Structure formats: C-alpha cells, structure tokens
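Take a look at the structure below.
Every read-out reported here was derived from the displayed coordinates using simple, explicitly stated rules and does not represent laboratory data. This is a predicted model, so every value here is computed, not measured. Glycine also receives a Cβ, built like all others from the backbone with ideal geometry; neighbour counts cover every protein chain displayed.
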Amino acid sequence: MSKAQEISLPALYAADPERADALAWGRRGTLRGAALASMGAALGAAIPFAARMPQGLLPAALAQESAILRMDGKGPLLILGERPLVAETPETLLDEPITSAANHFIRNNGQIPPVAADPQAWRLVVDGEVNTPLNLAVGELARRFEVVTRQLQMECGGNGRSQFTPATRGNQWGNGAISNAEWTGVRLRDVLAAAGLKPSAVFTAHFGADPHLSGATDRAAINRGMPIAKAMDEDTLLCFRMNGQAIPHIHGAPLRLITPGWPGSLSQKWLNRIWLRDKPHDGAGMGGTSYRLPRTPIVPGAENNGAGFMDMASMPVRSILSSHAHGARIAAGTRALDLRGAAWAGDETVRAVHVSLDFGATWQEMAVAAPANRHAWQRWSGRVALPSDGYFEIWYRATDSQGRMQPHAAANWNPQGYGANAISRAAILVG
Ligand SMILES: Nc1nc2c(c(=O)[nH]1)N[C@H]1C(S)=C(S)[C@@H](COP(=O)(O)O)O[C@H]1N2
Ligand SMILES: [Mo]
C-alpha cells in the first residue's frame, strides 16, 4: 500500500476541485472539465441557499451523457455495458408504482441464451440434499403448487456503486438498478417441501441457461446460492409471469427466481436447476470479494482478497426521486414542487423519507405510503416550497424501520463496490 498524503478537504477543493467533489460526493453527476470551468455561466443562476452550502461544495451537474438503449420492448434505459448487456433505469422512468417490463433495468453476466421453443415445457431440476429429486415442467409447477402474485423489489447488489471513491470495478450504477414489478409464480418453499429437504440441506445453488460470456461450456455465467432460511421466505418465488404477461426473454423467461430484498444476483434468470447443498455454495459469484462485504471497514482502495468478508444479505435502505430529473429546468416563478419517489430497505420497511433543499441544513418529512405487500417498495410524496428562482439541489434520504438512514457518503468501501446507499442529490434550475 502506498503511503497516502493527508490533505484537508477544503485545501483539496482549492487545489483540485473535481477530485475533492468526487471524494465528498462520488463521481457520478458532478461537473467535470470544461463544464466545471464554465460552471458559473452554465448555471446562470443565483444559488439561493448559498449561505448554507458546505464550504467547498460544488453544485451537482445539470446534465449527464449516456448511451441510450434501443431495444424492442424496452424503454430508453442508460447503457452501462454492451458485452454483457447492462442497462440502468433513469429515476424518472421509475415513476410508475409498478415497474413496467419496458423500464426494468437489465443486468446480464453472460450471453443471452436462445429463446425456449415451448415455455410450458421448460424444465426445472431440484436435486442434492432432498429426499425426492424433482424434474418439473413450468406447466406442472403452476398446476401442482399454489400460484401467488406479489409486488417485489429486486435490486442489484452493486446499485449505487458509482458513489464509491476510489472507484471500484463493475458497472457504475447510479440508483437505477432497482425494480418493483408484479411477479406471479409459486413459492420456492412449497417446491422444496415437495422435494423433502434433508436436515443436511443448508444452502441453495441456482443455475441458469445463459452461456458464460466467453462461450466456454464448462463455466457458468453466474450461479449463486442463499441460506435455506431465505429460500423458505414466503416471498421467494419461482416466477413465470411478470405484470400479468409472459416474462420478457431478457428478464429470464420462461422461469426465474425472485429473491426480493437481497442482491439481484440471487434472482436467477432462465432458471433450470436448484441444487440443495450441505454447505455454503461455492459457485460463480460466491466467495472472495463477490457479493461480500467487510465485517469491519477496510482502507478504501486497499487490496483485499475478501477473507473474513460476509455474504451480502438484506440490501440497505435507499430512495429515488422519480418526479424530477437531475438537471431539470423549471419555469421561472415556480414557488412549490410536488415531489414523488420510492424507497425500500431490503427485508425491512421504510419509516421515513426526508428532503432538503438547503444542502442538508433543514429537512422536511415526506409522506410515505405503506408497501403494497411485504417486499414491495414504498412510494413517497410531498410538496416543498421554493423561495425564489435559482439553482437548487433536492437531497433525498430514507430511514429504515430500524432507524438506519442513508449516509452522507458511501460507507464500508469494498473492492467490488457493493452496498453504496448515500443520500442522492438532484440539481434543478428554476427560471
Ligand atoms: N441466469 C442469470 N441470472 C441472473 C443474472 C445473469 O447474468 N444470469 N444476473 C443477475 C443479476 S446480477 C441481477 S442484478 C439480476 C438482474 O435481472 P434483470 O436483468 O431482469 O434486471 O438478475 C440476476 N440473475
Ligand atoms: Mo446484480
């Protein structure tokens, strides 16, 4: 490890404002290069709450550039990677209480498998530590087990990764690797009960039909697993419908697991096998630094092989603002904003959402609706007053049912950048 030189944040702002802002606020959405140089001109507006701006804080950017996805059946998502295909949903497209298939983010680790000729005949094998291994067609699943429909949040373990400094490897997600679709399927626990779990069954392992990115046939794109207790949760579903329709191919048809509230990587797409194991699973995406967090904080940027880390389980509390885009321009003279968004907290619920327009000096509580069902996200809304025209930042922050708030900066840095859930800032220009 190199010996870092210590410098105060105000001193760094004076010397290298871009880096200082990245350190304080994360890299995404801040002004850069020429944009930074011409910030005053670009804003062209007074900052009414300037007196409350933390010393040295740079305004959040008013615009972002990203390649826009163009794909049949999909909305204008932001492309984060083409091979494998990964695309994020802008927060304003998450204004729908139930996430449409079009606006559902995409996260592939491998290639996209061929479309199944007969979806009803797609087979699922359940084997390993069970009394009666099963080999069931999708059509049989629906006939043999109770079919349930639930709104379930599904969030990538790396959501928010772009907030980490120093940057970590992996897709640089903003807040948009989240969805709250209505899923229909059967409970995994009912299927496991039919197979008969042996007392030795302590972990699952999930397999899908997608080839490894390299095309190698002896390697899995991803195959993760979870402790039995989460597999037995009544909301962990084997799904064959999304929002009342067949699941779109890109989202895992004909059969996918939905493991709400835990890293999205446990929601295996194109699911064809669940293997019950007598020890924690060790497949692709398990162990080391994969979907694992330090038990005690490590030095940001330090090399670490993940020994002693623990698997991510329930995702941390986070909120989105869906009524106003970061960078929105609003008519001169507007004196109030009706804000809306969503918030969620893994297996927990959200107790409160607060908004600040004056750089965190004061916070106003928003109304937070109850979830449609357990593991659904919660919508929030509220009106805030604007004292004048000018440049404002809407800071939004949720608190979970245990009283844990989104932190001011991404905490618990880890090599692959999981669990960053810092408060977000949306810049708006009035007038
Ligand atoms: N078979 C398979 N399942 C998978 C993946 C994958 O690459 N292959 N990606 C996982 C990850 S990391 C996430 S976040 C979610 C994303 O689901 P989506 O593409 O429907 O948004 O699927 C999970 N299930
Ligand atoms: Mo993910």
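For the residues Thr165, Thr204, Thr362, Thr217, what sequence is obtained by ranking on other C-beta atoms within 10 Å, fewest first?
Numbers: Thr165 20, Thr204 28, Thr362 12, Thr217 7.
In order of increasing Cβ crowding within 10 Å: Thr217, Thr362, Thr165, Thr204.
Run the Debye formula on the Cα coordinates of the chain, all scatterers equal and no solvent, and tell me log10 I(q)/I(0) at q = 0.06, 0.11, 0.12, 0.13 1/Å.
Here the Debye-derived log intensity ratios amount to -0.26, -0.85, -1.00, -1.15.
When the expected Rg is taken as 2.2 N^0.38 Å, what fraction or multiple of it is the alpha-carbon Rg of the stretch 201-347?
For the stretch 201-347, the normalised Cα radius of gyration is 1.33.
Taking the simple approach of a point 7 Å from Cα along Cα-to-Cβ for both Asp278 and Ile47, what is their distance in nm?
6.3
Take a quick pass over the chain and tell me how many lysine pairs come in under 29 angstrom between Cα atoms, counting only ones 8 or more apart or on separate chains.
7
Quick check: residue separation of His408 and Ala336 times 0.36 nm, minus the Cα distance between them. What number comes out in nm?
Numbers: separation 72, 0.36 × 72 = 25.92 nm, distance 2.53 nm.
Separation in residues times 0.36 nm, less the Cα-Cα distance, equals 23.4 nm.
Taking the Cβ of Ala221 as the centre, find all other residues whose Cβ is under 13 Å away and add up their charges (Lys, Arg: +1; Asp, Glu: -1).
Result for the local shell: +3.
Which of Arg379, Arg83, Arg397 ends up with the largest GNM mean-square fluctuation for the chain, with Cα atoms connected below 10 Å?
Arg83
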